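Written out below as structure tokens is the structure these notes cover.
Bear in mind that the values in this text are calculations on the coordinates, not laboratory data. No experiment lies behind these values; they were computed from the predicted model shown. A quick note on method: Cβ atoms are made from the backbone with ideal geometry, for glycine too, and the neighbour counts reach across all protein chains shown.
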Amino acid sequence: MPHWRPLLSAALLAAFYALPWLRWNGRQALLFDLPGRRFDLFGLTLWPQDLGVLLGLLAVMATSLVLLTSLAGRVWCGHGCPQTLWSRLFRWIEQATARHLRQPVLARAAKHLLWAVVALWTGVTFVGLFSPMQTLVGTLWPPAWSGWETFWVAFYALATWGNAGFLRQQVCIDLCPFARICPSLCDADTPQVQYDARRGEPRGPRAHGLGAVMQRGRGLLDAVSASDYAFRAAHPALAGPMPHFPADRLGDCVDCGACVAACPMALDVRSGPHVDCIACGACVDACNTQMRAWQFPAGLLRHASTAHMQQRRTRWLRPRTLTALITLLVLLGVGLHRL
Ligand code: SF4
Ligand code: SF4
């Protein structure tokens with residue numbers, strides 16, 4: 001099912017833009033009214049003396065993120081993080097304008113115009129979580145915003161435009177603190193995007209109609225040969241040129257490069273799991289499309305733990321997952337007791 005990822009991104013973006021318009025008991029459902037020192041959270045009203053509740057909510061969210069990453073890998077980075085969502089939206093605008101407008105100057109102008117509109121509305125939506133949205137939009141024209149509203153709308157619009165339009169994956173690689181701690185939350189039992197080298201190697205182009213390795217009886221390679229071929233393909237300068245294989249000995253990777261072209265982080269996942277991989281699954285979808293075109297089974301690239309790829313049992317309950325789970329349960333227990 002290759003299309004659920006863009007649909008999920010669209011749903012999350014739509015939810016963000018709808019958020020300040022939601023009402024609860026006649027008031028804006030989510031409003032951080034800083035001058036009024038009042039936070040409305042879907043019927044729950046917090047005052048300055050409730051700072052502990054707000055900190056508790058933040059702690060619950062942080063612990064949930066740690067638990068999710070430890071159990072499922074960087075799925076937040078690949079599917080929920082605003083940097084990923086807006087980068088994907090801006091890239092989609094870039095590709096759509098280039099596809100529909102043949103004149104490069106027109107395509108570039110349309111792209112920047114659409115980027116500017118999205119960035120500006122993102123700034124308005126964000127400020128609409130701190131200043132009543134209906135008033136903010138009602139005073140859009142003629143402009144009657146306060147200096148702070150104007151500053152923060154412009155600030156978030158510029159940040160969106162710069163981060164999603166230009167910096168993109170550099171934010172994940174160089175700036176994001178969560179990306180720095182992710183390796184310490186994951187281990188051999190954490191699912192990540194993996195290449196099945198036993199099935200895919202040796203890679204190479206071939207004529208159509210030969211069938212997948214299991215269909216034509218070649219079967220899976222042993223793990224040592226598979227990783228040797230994958231290493232040789234990734235490091236030709238070190239390992240020397242790959243031997244030439246007859247078509248019936250080739251694995252299921254047709255070496256089309258679609259996975260590399262689809263990767264927003266410019267990775268080749270066939271070289272092994274990489275610390276910069278955000279588990280977005282774009283390579284998985286691109287490869288499954290190729291597998292369907294060749295009438296091979298899907299799953300040459302897939303989300304799986306290293307333990308699973310090595311035919312070991314994946315352990316879901318480990319010290320780090322148990323610690324995060326117990327912390328989360330304690331936080332929720334204390335929170336429910338206080339409410
Ligand atoms: S390797 Fe695949 S899952 Fe990882 S960032 Fe690249 S496209 Fe996304
Ligand atoms: S998309 Fe699949 S078949 Fe194509 S190069 Fe990548 S792993 Fe090989």
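Quick look at the numbers
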| quantity | calculated |
| --- | --- |
| Relative contact order computed over the chain (Cα-Cα under 8 Å; 6+ residues apart), in percent | 20 |
| Mean separation of Cα contacts under 8 Å (6+ apart) over length of region 108-239, as relative contact order % | 19 |
| Inter-centroid distance (Cα atoms) of region 293-321 relative to region 111-148, Å | 44 |
| Kyte-Doolittle mean at least -0.5 and Cα axial length at least 15 Å: DSSP H helices in the chain | 4-18, 51-72, 104-127, 147-162, 223-234, 282-293, 319-338 |
| Listed residues L13, L55, L325, most fluctuating in the chain (Gaussian network, C-alpha, under 10 Å) | L55 |
| Computed [θ] at 222 nm, deg cm²/dmol, the chain (DSSP H ≥ 4; -39,500 (n - 2.57); rounded to nearest 500) | -16000 deg cm²/dmol |
| Overall dimensions of the chain as given by Cα atoms, namely Rg and Dmax in Å | 24.3, 74 |
| Lys, Arg +1 and Asp, Glu -1 on Cβ, resulting dipole of the chain about Cα centre, debye, nearest 20 | 480 |
| Region 15-58 - percent relative contact order, Cα under 8 Å, separation 6 or more | 22 |
| In sequence order, calculated HN-Hα J values of region 246-252 (Karplus, 6.51, -1.76, 1.60; Hz; x Gly/Pro) | x, 4, 6, 9, 5, x, 7 |
| Cα-derived Rg to Rh of region 4-185, Kirkwood definition | 1.00 |
| Exposed trypsin sites (Lys or Arg not before Pro) absent - longest run of the chain, DSSP non-H/G/I/E/B, at most 12 other C-beta within 10 Å | 103-215 |
| Proximal charge balance of T97 [Cβ under 10 Å; K/R count +1, D/E count -1] | +2 |
| Amide proton proximity set for R38, modelled H, under 5 Å, gap of 5+ | D33 |
| For region 192-304: rounded, prolate or oblate by the Cα gyration tensor [a/c cutoff 1.5] | oblate |
